[in-house]
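Colleague: The structure's right below; bear with me while I get my questions together.
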Amino acid sequence: MTETTKPPAPDAVPTPPALRGLIPLPAAAARALLLAGGIATAASAFLAWTWTAEFPGDLTINGYPGGLQWLTFTAGVLTALFALASYGIRGLGWLLPARNNAPLVLTALGGFAVTWFTVIAISAELGGVVNLEPGGWIAAIASLLPLLGAFALPQEKTGTDGTKAALKAYIAKPDRIPAPQATSGWVQRAVITAVTIIGLGVFTYGIDTEYGELFVGYLFVVTFAMWALHTAGLLDRFSQLIAANRSFTLAMGFAAAIAFPFTQTDDHYANIGVNILIFGTVALGLNIVVGLAGLLDLGYVAFLGVGAYTAALVSGSEFSTISGVHLPFWASALAGAAASLVFGVLIGAPTLRLRGDYLAIVTLGFGEIFRIAVNNMDGDSGPDVTNGPNGIANIPDLNLLGFNFGQAHDIGGFTLGRFANYYLLMVLIMAIVVLVYTRAADSRIGRSWIAIREDETAATAMGINGFRVKLVAFALGAALAGLAGTVSAHVTYSVVPTPYQFAGSTPPNSAFLLAAVVLGGMGTVAGPLLGAALLYLLPEKLVFLQDKSLLAFGIALILLMRFRPEGIIANRRRQLEFHETGQLDVPKQTTLTDEPAVTKAGA
Amino acid sequence: MNTLPQQLANGLLLGSMYGLIAIGYTMVYGIVQLINFAHGEIFMTGAFGALTVYFYILPDGTSMALAVPLMLLGGAIVAILIAVGAERFAYRPLRGAPRLAPLITAIGLSLALQEVVRNFYPGADRARAFPGLDTTHDIGSVTIKDADIFLILAAVLCMAALALFVRRSRTGRAMQATAQDPDTAQLMGIDTNRIIVIAFAIGGFFAAVAAVAYGLKYGNVDYRMGFLMGLKAFTAAVLGGIGNIYGAMLGGVVLGIAETLASAYIDEIPGMSQLGGQSWANVWAFCLLILVLLFRPQGLLGERVADRA
């Protein structure tokens with residue numbers, strides 16, 4: 001998936017007729033098979049797949065899809081749409097700007113994966129294939145058809161270097177994608193709005209999945225659909241749109257974030273939402289330290305803990321050792337951020353003068369000290385500050401300007417529960433963090449961070465005070481974590497030492513946070529948020545994974561560093577840094593109207 | 001009764017264990033400038049390798065005199081295999097990548113090794129009993145166990161052997177050359193990849209020795225034992241001057257004694273009466289690390305490049 005020097009490839013349109021697919025079929029038949037198969041897959045979702053409602057989602061009703069069948073339906077419709085677009089039907093041309101086959105292959109694969117996963121899950125959970133109704137068999141066969149059609153499509157580069165290369169060519173993104181037609185600002189904004197609404201819908205669906213099987217199917221469909229959109233070049237186009245309408249997109253993003261609790265009827269899902277936001281905000285703070293300044297902080301969760309404990313101590317809880325003190329929220333938020341800032345400077349000042357490796361180990365040590373210290377400060381084996389392992393319980397709910405966060409409120413016909421209230425507060429805090437992050441990253445100091453990250457010696461030679469800018473990054477990251485910690489203390493009612501450790505099976509802990517930043521993409525805004533959402537939802541939805549999630553993390557970190565160190569959402573500069581191959585592969589500067597779009601996955 | 005000699009002996013013993021583990025950090029760092037965070041977990045797997053030999057391979061009732069060398073062998077094989085495998089498959093592909101990449105890989109490796117042991121080794125999610133050598137001897141006012149004698153003998157022997165190896169053998173000198181300048185060493189015909197593998201293997205062996213000593217001394221092992229021990233062994237390596245093998249041992253001993261004395265006597269200092277005892281020992285160890293980084297970042301023995309290996 002890397003962009004290396006390639007000779008300018010000939011335009012993929014129109015495909016020369018001499019090419020052949022992996023499966024020998026005439027191209028016209030293959031295309032027809034794809035279209036018919038896609039429609040058949042979507043239609044098979046309306047049949048009964050099994051006889052009992054024991055399998056979650058109730059797949060027993062003829063004529064109305066349930067649970068996983070909706071996902072099969074979606075994948076079938078997507079396949080059919082891409083197949084129609086490949087016929088060049090008017091009005092669908094925008095789906096396939098490069099007229100390439102990869103999106104067809106990928107959507108067909110997505111439909112196949114989700115359908116066969118469902119069929120196999122039914123057979124495995126209910127004990128044998130006898131539990132499949134004829135509808136289930138039909139769905140399995142129908143989802144196979146587009147796959148056959150897809151691999152029968154003529155493909156360049158087939159058969160030249162073996163099957164593996166041929167399979168790779170089927171899902172490769174074309175080298176050049178025709179530039180979009182110039183559109184007016186209103187159309188662009190309409191597109192962004194539509195995408196935001198769809199995105200909110202997709203995201204909400206993922207959070208609201210009620211059982212593990214549905215979430216796995218959801219991940220299958222979303223992954224393959226996004227991959228298909230990427231290979232079709234639509235993601236690149238969309239990121240260009242975003243680049244052209246940056247502030248509008250940001251506003252839409254926050255509007256979508258605010259809209260989320262209004263789509264929820266169950267406060268449990270708002271609870272998941274608020275936890276994702278806390279986790280994401282902290283990950284974004286860590287991203288300043290790791291992604292921008294290149295400092296590995298392994299005890300970051302301790303700063304969250306400092307903020308949470310500070311807020312708990314001044315919250316007026318009867319378990320607080322300085323009981324009787326009840327600061328308003330703005331004061332306790334500032335106090336939490338300030339306390340974290342002080343600790344950040346205390347830890348950073350001696351270590352940031354040295355090579356970065358020392359910082360990693362000292363922050364790891366600090367994280368442990370924090371956990372041990374709050375565990376010990378129970379008045380028995382240490383000073384009486386934190387109540388030791390029992391923590392500080394009964395933290396009162398916030399009350400801002402007469403708005404009590406603990407009670408449900410009716411706003412415009414929608415009921416917002418306790419967690420939805422905190423969710424909205426967290427959106428506000430995240431907006432602050434995103435603002436701080438983007439403003440800092442684009443400022444003089446942000447550029448110094450990146451310079452330090454890439455070559456400290458050269459940066460120092462250019463007159464950057466390495467120690468000072470690193471200390472600012474470290475302290476700023478710590479303060480943002482402290483700020484998020486103050487809210488998390490109120491959301492969870494109590495603070496206890498256990499979540500603030502280096503590695504554990506539930507977030508937040510330092511290893512989870514680091515994994516979220518690395519997985520999502522270091523140095524980007526969207527990356528850590530996506531990483532945090534994924535890493536929070538995976539163990540939450542897949543209960544059977546909880547025990548093995550840390551193992552999976554460890555292995556994922558190793559594999560990521562080996563194969564895609566820039567993460568899911570790649571920062572351009574970061575990507576080049578990780579795939580250094582010399583001066584030749586520096587991409588051409590592209591503007592919006594440039595012919596070949598060489599941008600990879602946006603800014 | 002004066003407890004000081006006993007506390008000093010305890011500190012020396014603990015410190016020798018830190019020193020043995022620290023050798024692994026310092027040798028690898030000296031050659032490839034990489035902090036192998038997973039080294040603590042290599043120590044842990046060494047302990048479980050030895051445990052496997054004792055419980056699952058040797059027949060019941062084997063005398064400890066025969067069992068201990070075999071356990072050492074089993075632990076060493078496991079630890080060396082994992083150390084060398086980590087180098088080959090996780091670190092080597094990242095040589096030349098930005099500094100952050102191998103560090104993150106090391107974190108991932110450390111998590112993965114812990115979780116593999118916790119999930120797949122029978123009974124490893126709790127502390128597992130390890131055969132102890134608990135016969136005690138009184139020397140003056142100091143009481144030590146057989147396990148302590150094993151530890152001190154092993155530490156002295158291993159250090160002497162390593163010093164000889166690095167100074168006298170051809171490979172040892174090639175190691176020093178690689179540590180000083182890998183590129184030039186390669187031009188002189190030294191296979192630096194082989195040297196790096198040997199450095200990882202020696203580190204793994206020393207960690208396994210420390211792991212067997214740990215098991216014999218404390219009587220149980222668990223999947224998390226490598227985390228704190230590794231962290232403190234790294235502290236010891238920094239304390240002594242990272243990259244310097246004598247420094248690693250010295251740093252280990254200094255750290256061990258400082259930690260023991262702090263947890264034994266700090267509560268006698270007015271105003272700190274609640275900060276003594278074992279529960280605060282780790283805190284003092286890390287405070288020492290921060291103080292060292294503040295005042296003597298090159299460590300006690302500095303960076304004597306000629307001895308670095």
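Colleague: How do A:Tyr211, B:Tyr223 rank when sorted from fewest to most other Cβ atoms within 10 Å of their own Cβ?
Modeller: A:Tyr211, B:Tyr223
Colleague: From the Cα gyration tensor of chain B, with a ≥ b ≥ c the square roots of its eigenvalues, which class applies: rounded if a/c is under 1.5, or else prolate if a/b is larger than b/c, or else oblate?
Modeller: Details: a/c = 1.57, a/b = 1.21, b/c = 1.30.
Oblate.
Colleague: Turning to a different aspect of this structure: Take the alpha carbon atoms of segment A:33-85, find their center, do the same for segment A:277-337, and report the distance between the two centers in whole angstrom.
Modeller: 47
Colleague: Moving on. Which whole-Hz ³J(HN,Hα) couplings does segment B:186-203 yield from phi under the Karplus relation 6.51 cos²θ - 1.76 cosθ + 1.60, θ = phi - 60°, glycine and proline marked x?
Modeller: Per-residue couplings from phi come out as 5, 5, 7, x, 8, 7, 5, 4, 5, 4, 5, 4, 5, 4, 5, 5, 4, x Hz.
Colleague: Between segment A:453-506 and segment B:28-43, how far is it from one alpha carbon centroid to the other, in angstrom?
Modeller: 25
Colleague: For B:Ile80, B:Ile269, A:Ile429, A:Ile23, what ranking results if the residue with the fewest other Cβ atoms within 10 Å of its Cβ goes first?
Modeller: Numbers: B:Ile80 22, B:Ile269 11, A:Ile429 18, A:Ile23 14.
Sorted ascending by nearby Cβ count, the order is B:Ile269, A:Ile23, A:Ile429, B:Ile80.
Colleague: Taking only pairs that are 8 or more places apart or on different chains, how many Lys pairs in the protein assembly as shown have Cα atoms under 30 angstrom apart?
Modeller: Number of lysine pairs found: 23.
Colleague: Also: For segment A:231-310, rounded, prolate or oblate, judged on the Cα gyration tensor with a ≥ b ≥ c (square roots of eigenvalues), a/c < 1.5 rounded, else prolate if a/b > b/c?
Modeller: oblate
Colleague: Now for a different question. Could you check the simple spin-label distance between A:Ala251 and B:Ala129, using points 7 Å along Cα→Cβ, in nm with one decimal?
Modeller: Roughly 7.2 nm, to one decimal.
Colleague: Karplus couplings for segment B:69-77 from phi (6.51 cos²θ - 1.76 cosθ + 1.60, θ = phi - 60°), rounded to Hz, Gly and Pro as x?
Modeller: x, 5, 5, 4, 4, x, x, 5, 4
Colleague: Further question on the same structure: Would you calculate the separation in nanometres between label points at A:Ile198 and B:His137, each defined as 7 Å from the Cα along the Cα-to-beta-carbon direction?
Modeller: With each label placed 7 Å out from Cα toward Cβ, I get 7.8 nm.
Colleague: Distance from the Cα centre of segment A:212-258 to that of segment A:87-113, in angstrom?
Modeller: So the two Cα centres are separated by 17 Å.
Colleague: Oh, and also: Once phi is turned into θ = phi - 60°, what whole-Hz ³J(HN,Hα) does the Karplus curve with 6.51, -1.76 and 1.60 give for every residue of segment B:282-291, x standing for Gly and Pro?
Modeller: Listing the rounded values in order: 5, 4, 5, 4, 6, 4, 4, 4, 5, 4 Hz.
Taken together, the values in this text are just the output of simple stated rules run on the coordinates, not laboratory data. Treat the numbers as computed from the prediction; the structure is a model and nothing was measured. For neighbour counting, all protein chains shown are included, and Cβ atoms are generated from backbone atoms with ideal geometry for every residue, glycine included.
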